[in-house]
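First comes the structure, then the notes that go with it.
We did not get these values from a lab; they are worked out from the coordinates using the rules stated. Just so we're clear, the structure is a prediction, and the values are computed from it rather than from any experiment. For neighbour counting, all protein chains shown are included, and Cβ atoms are generated from backbone atoms with ideal geometry for every residue, glycine included.
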Amino acid sequence: MSEATESYETIAGCKVQMLRGGKGAPLLFLHGGGGAGVWLPFFKTLAEKYDVIVPEHPGFGRSDTPDWLDNVGDYANFYLEFMDKLGLTGVNLIGSSLGGWIAADLAVRDSSRLNTVQLVAPAGIHVKGVAKGDLFLWSPEQLTRNLFADQAIAEMLLAMQPDEDERRRRMKNALMLAKVGWQPRLYDPHMRKWLHRIKKPTQIIWGDSDKVIPAEYGPAYRDLIPGSKLEVLKNCGHLPFIEKAADTVALVSKFIEGSKR
Amino acid sequence: MKFFMIHLMPYADIDLDYDKKHNSAWVTLPNTYFDPAKGPGLYNRFIDELVYADKVGFDGVCVNEHHQNAYGMMPIPSVIAGALARETKNVKIAVLGRALPLLTYPLSVAEEYAMLDNISGGRLIAGFVRGIGAEYHSTGVNPAESHDRFHEAHDLIMQAWTKPGPSRYEGKYYHFDYVNTWPRIVQQPHPPIWIPSQGSSETINWASHPTRKYVYLQTFSPADQLKRFMDMYRAQANKYGYEASPQQLGWATPIYVAETDEQAKREAKVHIEAFYNKFLRMPFEMLLPPGYLSLASMQNVGQKARAAAAGESMATIESVMERGMFICGSPDSVAQQLEHHQKQVGYGKLVAMMQFGTLPHELTKRNMELFAGKVIPKIRHLGEDDTPIKVEAAE
């Protein structure tokens, strides 16, 4: 298991927090609406094989909130600049939920620094007639419960009392998620028109019991990205890399290894 | 002191047991709870009550804007204001909506208010609000854009009224090449402007600015909050280098008057408790979606409001009276309470909600008669300062 070091980088005038650990090909993880800042077992395991980089998005957690931030397109451009600044090439990009939306948008714009793209229950598109969960109307407890198929995980998280800093970070994260995702709700009506431009090997991973973005979105995303592959995990909610960490590590590394040129 | 009567026009025939199945009277409460056969009677009764305020001697009447709820049936308040413009002769007519950020074409408010000002012969008071958090769930407008959209829409409307058209407005959310509102507003340079709020330092700093000096109206809040925000307005005015007049400070609160304290409490009890516990009921996430308040303000809201919104503490007539959220009693004791609060907080405009929750028509009328006949004369001299409020020119 590999540990991480914490650092701060200033990119596009915005100071962002970043966890980084391990050695190997770069693996950039873009987090979802709940934020990042914790070196999860998922990252530790991947860091045995890869150089795992987990930034907190501008406006989230310990990162600053820049004036220029309005939408997911701003995030996509920000991470293009982020990869430039860090000199990353052959990047294995993984994005979860909001981060999956950013990853897809980024890959449509410019995938020259990417090796693979993996989208974990990504936001970013809308499937007519299939409603997403209204997470802004859920209480904190409902949200925690609806994120997981296995309620034992929810119980464990609910038993932990957040301190003042953590409470503040959660408010900050919720505000930023609303800012970029409230309307249209968690998608960009124009992105689907251009997803076919993603030419790098792409894998989509979904939990079959996702209550935030239902699993029906998986095939829709797959069909919009030619040649992409969809993997559905059984008895799993919106956060497979937490709820089914070992299975997700296996899927992710197998896909990267299989995509080596 | 100036006296206004505000009406919310609640769907007063609501099945009060709705909360056994639904957690709010807002946003998600099925509209099948509204009986179309009862709508016409309720609307016309409520309009009659506002017209009656003109007859018994109020200085003004107020209508209000909320969407998709049983609490108030005026999603388009100017429909009611238009009827009042014709049916009343003397009262000021305050529209305590329009929720500007909810609109994609805010120039419609410049038009709508100008029409009302024309029809009423210059009796309009123009309210500007952001709408409460629930509105952002109902309309889908992004609450994180609410403050910025409000300020832009306000600037745009003021430009439409005060700058000869056509002129150009170039904002981030609103951009118009032809700002050229017809009809023009009657009251020059513009009607009095009121900013109703549940209390926020950002709003107070903005409303009290020397180029605006807008009337700040604190709505349905505990007495300690009322004092805190009125003091904040005065302190901010001092920082800006002027003294705030009582005429810049308004207080909106439900009031009930009967012959004796005992009778007033007995008659009002079920209706005021329904108002606070049933009509206002909504979970915290509905009331304050992320982004509606700045991060700093959101942190100040704290756990108390969270618990209150979750309905963990049910209001009783005693609890709301004790907190100064309901003024109730004989004419003497109501006058006394209002005088006490006036001395404490220095307000000069009282916005009395004479009908609340399920309060029936006859009791509403008697409430108005006793208030206008026996309370107003006792306290009219308070908070009087008729010196016109001089606003500095904006650069």
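Descriptive notes on the structure:
- Residue list for the range B:131-158, given a label point 7 angstrom along the Cα-to-Cβ vector of B:Glu202 and an amide N cut-off under 17 Å: B:131-137, B:141-155
- C-alpha center-to-center spacing [the range B:184-261, the range B:68-119] in angstrom: 20 Å
- Ranked by the mean number of other Cβ atoms within 10 Å of their residues, highest first, the peptides A:220-233, B:45-58, B:276-289, A:154-167 fall in the order B:276-289, B:45-58, A:220-233, A:154-167.
- Inter-chain Cβ neighbour average for residues B:138-150, partner chain, 10 Å: 3
- Gyration tensor (Cα) of the range A:122-261, equivalent ellipsoid semi-axes in angstrom: 27, 20, 14
- Taking 7 Å steps out from each Cα toward its Cβ at A:Val232 and A:Asp64 produces label points 4.5 nm apart.
- Listed pairs A:Lys172/B:Lys21; B:Lys92/B:Lys278; A:Lys132/B:Lys21; B:Lys172/B:Lys390; A:Lys85/A:Lys260 exceeding 28 Å between Cα atoms: A:Lys172/B:Lys21; B:Lys92/B:Lys278; B:Lys172/B:Lys390
- Candidate aspartates and glutamates - alpha carbon under 20 Å from B:Lys213, same-chain residues fewer than 8 apart omitted: B:Asp148, B:Glu152, B:Asp155, B:Glu202, B:Asp231, B:Glu243, B:Glu384, B:Asp385, B:Asp386, B:Glu392, B:Glu395
- Cα-based equivalent ellipsoid of the protein assembly as shown: semi-axis lengths in Å, sorted from largest, via gyration tensor: 52, 27, 22
- The calculated FRET efficiency for the pair B:Asp15 and A:Asn71, based on their C-beta separation and a Förster distance of 35 Å, comes to about 0.25.
- Inter-part distance where the range A:75-143 and the range B:330-379 are each reduced to a Cα centre, Å: 57 Å
- Per-pair calculated FRET efficiency, R0 = 45 Å: B:Lys343 and A:Leu157 via Cβ, rounded to 0.05: 0.30
- In this simple spin-label model, placing a label point 7 Å from the Cα along the Cα-to-Cβ direction at both A:Asp165 and A:Asp208 gives a separation of 4.1 nm.
- Computed on the Cα atoms alone, the convex hull of chain B gives a volume of 134 cubic angstrom per residue.
- Cβ-Cβ FRET estimate between B:Lys378 and B:Thr316, R0 fixed at 25 Å, reported to 0.05: 0.35
- For chain A, the alpha carbon convex hull comes to 119 Å³ per residue, rounded to a whole number.
- Working from Cα pairs under 8 Å separated by at least six residues, relative contact order for chain B is 21 percent.
- Mean separation of Cα pairs under 8 Å and 6 or more residues apart, divided by the residue count, gives the range A:146-261 a relative contact order of 31 percent.
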